[in-house]
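The values are calculated or read from the model by the stated rules, or taken from the named source; none is laboratory data. Just so it is clear, the structure is predicted and the values come from calculations on it, not from any experiment. Glycine gets a Cβ as well: all are built from the backbone with ideal geometry, and neighbour counts include every protein chain shown.
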Amino acid sequence: MTQHSNPPDDGFVFVYGTLKQGCRNHHWMRGTPCMGPARTVDSYALYLEQRIPFLFKGESRYPVTGELYDVDAEQLAHLDVLERHPEWYTRERIAVRAPDGSQVEAWAYFCPAPIGRLLPDGVYLEQLD
C-alpha cells in the first residue's frame, strides 16, 4: 500500500457533500483536478439538515464516500471561505482510500456537533427541488 505525504498548506481535500460533481456547490471546485471517487478509512457519521450534509467525527458509524481533489493553498483558502473554517466547519486531515486503492492524507471539513438527521449510510445524494 502506497503512503503519500502532503505539505501542510496543500495536498488533497476529501469532499462528501454539495462540492461533489453534479451537486450545487461543485462550481467551487472549478479548475481543481479530481482524482476520482474516494472513501474515508475511518468511520464517521453523516448528518443532513436543510439539504446540507454534516460530517461528524464524534460517532463511528460507517466509512463516508466522496471524491478526492488535488488542491493548492489558494484553493484550500477558497474552500475555507465556503465552509466558514474555523468558525463553522473545522478542517482536519484524515486518512482516505484513494481511487487507486492507496491510503492518502486529505483535508476534510467536520461539523463540531451532529445536526439534523443521521443518514443511513456514508453517502450523500443531492436531491434538488
### Message
Please pick out the residue among 93, 39 that is assigned to a strand (DSSP E or B), in contact with a Pro (Cβ under 7 Å, 6 or more places away or on another chain) and of a type in the set (Lys, Arg).
### Response
39
### Query
Are there any pairs with C-beta distances below 8 angstrom linking a residue in the range 17-28 that is in contact (Cβ under 8 Å) with a residue 60 or more places away in the chain to a residue that is surrounded by fewer than 13 Cβ atoms within 10 Å (Cβ to Cβ) and aliphatic (A, V, I, L, M), with the two at least 6 apart or on different chains, and if so which?
24/128
### Task
Consider residue 74 carefully, then state whether it is outside any helix (DSSP H, G or I), over 15 Å from the mean Cα position of the chain (by Cα) and surrounded by fewer than 20 Cβ atoms within 10 Å (Cβ to Cβ).
no
### Summary
Scanning the range 96-109 residue by residue, those more than 11 Å from the chain's Cα centre (by Cα) and either at negative phi or at pLDDT below 95 (or both) turn out to be 97, 98, 99, 100, 102, 103, 104, 105
### Query
Can you name every residue in the range 20-43 that is more than 26 Å from residue 103 (Cβ to Cβ) and of a type in the set (D, E, K, R)?
24, 30
### Query
Restricting attention to the range 83-95, and to residues there that are of a type in the set (Lys, Arg) and under 24 Å from residue 22 (Cβ atoms), which single residue is nearest to the chain's Cα centre (by Cα)?
91
### Message
Suppose the filter is more than 11 Å from residue 13 (Cβ to Cβ) and in contact with an Asp or Glu (Cβ under 9 Å, 6 or more places away or on another chain); does residue 108 pass it?
### Response
no
### Message
Looking only at the range 46-67, how many residues end up being closer than 17 Å to residue 88 by Cα and surrounded by 16 or more Cβ atoms within 10 Å (Cβ to Cβ)?
### Response
8
## Note on the structure
From the option list 80, 72, 121, single residue qualifying as closer than 17 Å to residue 18 by Cα and touching a residue at least 24 places away in the same chain (Cβ under 8 Å) is 121
### Task
Mind listing whichever residues of the range 50-71 are modelled with pLDDT of 95 or more and farther than 14 Å from residue 121 by Cα?
57, 58, 67, 68, 69, 70, 71
